[in-house]
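Engineer: Structure below; questions to follow.
The values are calculated or read from the model by the stated rules, or taken from the named source; none is laboratory data. Computed from a predicted structure; not experimentally measured. Just so you know, the surface numbers come from the protein's heavy atoms only, side chains and all, with ligands and any DNA or RNA stripped out. Shrake-Rupley method; radii C 1.70, N 1.55, O 1.52, S 1.80 Å.
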Amino acid sequence: MTCIFWHIVAHELPAEILCEDNDLVIFKDINPAAPIHFLIVPKKHIDSINGLDEKNAGIVSKMVLAAKRMAEQHGVQSGYRLMINTGREAGQVVYHLHMHFMGGWGRKPVIR
Ligand code: AMP
């Protein structure tokens, strides 16, 4: 495997890792598109949603539940966005399944 997330998951490349368990690694997006922007990444390599089947699709519910926990921990249950880009036309750049967790807009200063 040569994709960048594979190397982050294997701790061979640095990343701002927030938490990790047997199945997932969660780290900060290097180019945040929201005040809070994490990536929820399975340890097992799957290219994209297109690589899921009945045997491995359970990882997606683990990703969603991890997102829910992150929302609680970061106090953004009032609003957060989960996004999985799938394929070049949708803007997928890294071919290792990942879910974007974005939120924190309520923390922005109000501009009058
Ligand atoms: P996608 O377009 O869904 O494939 O998203 C890939 C995301 O990975 C982008 O938001 C990038 O900013 C992010 N990214 C790429 N390289 C790194 C890295 N080394 N550490 C953290 N985030 C990264």
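Engineer: Can you return the lysines within cross-link range of LYS28? Criterion is Cα-Cα under 21 Å, with same-chain partners fewer than 8 residues away left out.
Structural biologist: Cα-Cα hits under 21 Å: LYS43, LYS44, LYS62, LYS68, LYS108.
Engineer: With a 1.4 Å probe and all protein chains left in place, how much of the accessible area of the chain comes from carbon and sulfur atoms, in whole percent?
Structural biologist: Working: 3790 of 7090 Å².
On the chain, the fraction of accessible area on carbon and sulfur atoms equals 53 percent.
Engineer: Full extension from LEU65 to THR86: what is 0.36 nm times the residue separation minus their Cα-Cα distance, to one decimal in nm?
Structural biologist: Contour length minus the Cα-Cα distance gives 5.6 nm.
Engineer: On to the next question. Expressed in nm to one decimal, what extension gain is obtained for the pair GLU16 and ASN50 from 0.36 nm per residue of sequence separation less their Cα-Cα distance? All intermediate terms of the calculation are to be shown ahead of the outcome.
Structural biologist: Details: separation 34, 0.36 × 34 = 12.24 nm, distance 2.73 nm.
Here the segment from GLU16 to ASN50 would lengthen by 9.5 nm.
Engineer: Sticking with this structure for a sec: Cα axis of helix 58-73 to longest principal axis of the chain: angle in degrees, 0 to 90, nearest 10?
Structural biologist: The angle comes out at about 20 degrees.
Engineer: Just the accessible area per residue of segment 4-103, please: how many Å² with a 1.4 Å probe?
Structural biologist: Ligands and nucleic acids excluded, the result is 57 Å² per residue.
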